[in-house]
Amino acid sequence: MAMKSGILFLTCLLLSTSLFAQQERRVWAEGKLTWDEFPERSGQERASQVEFYLGSEQQKERYSDTTIVRMLAIGSINLRESWVDPSQRTEQLLRYHQVQLDLLEIHRRFFQRSLDKAFTYQEAAARHADHWRAFQEEAGRCASATDYGRNLDSLEAWEARTLLLLAVATPPPGKIVFEERSFRYGMNAGTGFGMAVGSLSQSISPGVIVLGLGFEVGHKRSVAYLHGAIGASRVRQDFFLNGNWTAGEGSNTTLIDLTYGYRIMDRFRWELTPFTGIGVAELTTINRGQPDESLRAVDYNLVFGLNADYRLRTHFKLGPRQLGSPQKDELNLRLRLYGTWTSYAAGYEGFVLNVAVGVGIKGRMVEVK
C-alpha cells in the first residue's frame, strides 16, 4: 500500500507539473491582486470564481559553492480557470480573494517545510494531502464568516489574521538551516608517488602510485579508513629475496591498509585528519627462472599519515526519495601523506613515504531545522 501511494504521488506529480505548465500561474510573491489579471464572464450565477493550486516541482538552487536540490512547494491561482463578472468587480470582493491567496501562501510555506523534511514519496503525498485539506477548510471558514467577502467587518478581521500568520509563517530560508547527524561516509580515488628510505631504497627505485582507492565511515570526529594502492617502480640492483631479482626489471607494489583517524580541524573549507593503523604490503617482479610465477615478498606493517581535504562543492538533497533522509554531499580535493615501516627481510627494510592527490565524495544525513 505504501509503495502504491508513492507511485501515485510520482504520477500525480508528473501530471500536475505538466498541467501546471499549461496554467497562467499567479503566485503570492508577485504582489497584490488586481482585477486586470482575471478574465471576465458575464451572466454568471456567482460574482467570481478563483481556482487555487497547491503542488510541488523539483528545483536546483545555487549559493556560492553550495547546490540545493529540493522539491519546491508551489501555491498559485490558475488564471485560465478563474474569472469575474465585470459587473461585480468591487474592491471588497478583490480584498476577499487576496485573503484567500494569503491563506494559500501560508499553507504553501508550511508544506515547503514538510517537503524539506520528508523521507519518502509516501510521506510527501500524505503531507500534501494534509496541507491541501487544511487550506480548503480554512478557506471555507473564511468564505462562511465573511459571506464570500460581503461582510466587511469580518473581512477586515480575516485580513488582520492573515497578515499576522504571514509574519509568523516566514518562508524557509534560502540557505538551509540544518544539523548534521553523527554518521558519515565517503570514498576517494587518486594517484601520486612513493619512495623508500633505508636499505630498501638500495634495491627498489622510487615509484608511481598508479591508482589509490579508499572508503571511509565516520562517527563525529572519528573516521575508519580502508585504503588500497597499486604502484609501479623498478629493481635497482640484483639481489636475492625468495628468488633472484634482476636489476632493471619492473616491480609492482600493492598496499592495503585499515586505519583509524581523528579529525583535528574543520574550518575554512579544510579538514585535517591524522590517522594510523595496520597494512599489508606486497612487492612483486618477474621470475626469470619460472616465468609463470612472479617473485613476491609480503610484509605486515604499521601505517601512519595525514589526510588534508579541501571542500570544492557542497550538494544538498532535500525532500522525498525512495530511501533515506535529507542528505549533504561534499566534493573534496584530498592530499594524502602517509608512510609505512616495511621489512621484507633483513637488509630489505625501511620507511616507504607516499604522497597522493585525488578527489573524493563525502556524505552524511542531515536534519533540516
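Coordinate-derived values only; no laboratory data. Just so we're clear, the structure is a prediction, and the values are computed from it rather than from any experiment. All Cβ positions, even for glycine, are placed from backbone atoms using ideal geometry, and neighbour counts span all protein chains on display.
At-a-glance table
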{"read-out": "Residue with peak Gaussian network fluctuation, the chain [Cα springs, cutoff 10 Å], from Gly277, Gly31, Gly339", "value": "Gly31"}
{"read-out": "C-alpha long axis of helix 121-146 to longest principal axis of the chain, angle in °", "value": "20 degrees"}
{"read-out": "Cα-based helix-to-principal-axis angle, 2-22 vs the chain, degrees rounded to 10", "value": "60 degrees"}
{"read-out": "Long-range lysine pairs (8 or more apart or interchain), the chain, Cα under 18 Å", "value": "18"}
{"read-out": "Mean Cβ neighbour count within 10 Å, used as a protection proxy, ranking 291-303, 125-137, 251-263 highest first", "value": "251-263, 125-137, 291-303"}
{"read-out": "Answer label for semi-axes √(5λ) of the Cα gyration tensor in Å (calculated), chosen among [x] 69, 18, 15; [y] 39, 23, 20; [z] 48, 29, 20", "value": "[x]"}
{"read-out": "Proximal charge balance of Arg313 [Cβ under 12 Å; K/R count +1, D/E count -1]", "value": "+2"}
{"read-out": "Debye equation applied to the C-alpha atoms of region 222-325, log10 I(q)/I(0) at 0.13, 0.20, 0.24 Å⁻¹", "value": "-0.69, -1.01, -1.18"}
{"read-out": "Over the chain: helical MRE at 222 nm, DSSP H runs n ≥ 4 each giving -39500 (n - 2.57), nearest 500", "value": "-8500 deg cm²/dmol"}
{"read-out": "Net charge of neighbours whose Cβ lies under 12 Å from the Cβ of Ile361, counting Lys and Arg as +1 and Asp and Glu as -1", "value": "+3"}
{"read-out": "Projected-area average for region 222-281 over all orientations - Cα convex hull basis, square nanometres", "value": "5.9 nm²"}
{"read-out": "Net charge of neighbours whose Cβ lies under 14 Å from the Cβ of Phe135, counting Lys and Arg as +1 and Asp and Glu as -1", "value": "-1"}
{"read-out": "Between 0 and 90°, nearest 10: helix 152-168 axis offset from the chain longest Cα axis", "value": "10 degrees"}
{"read-out": "Linear extension gain, Ala232 paired with Asp65, 0.36 nm per residue minus alpha-carbon span", "value": "56.4 nm"}
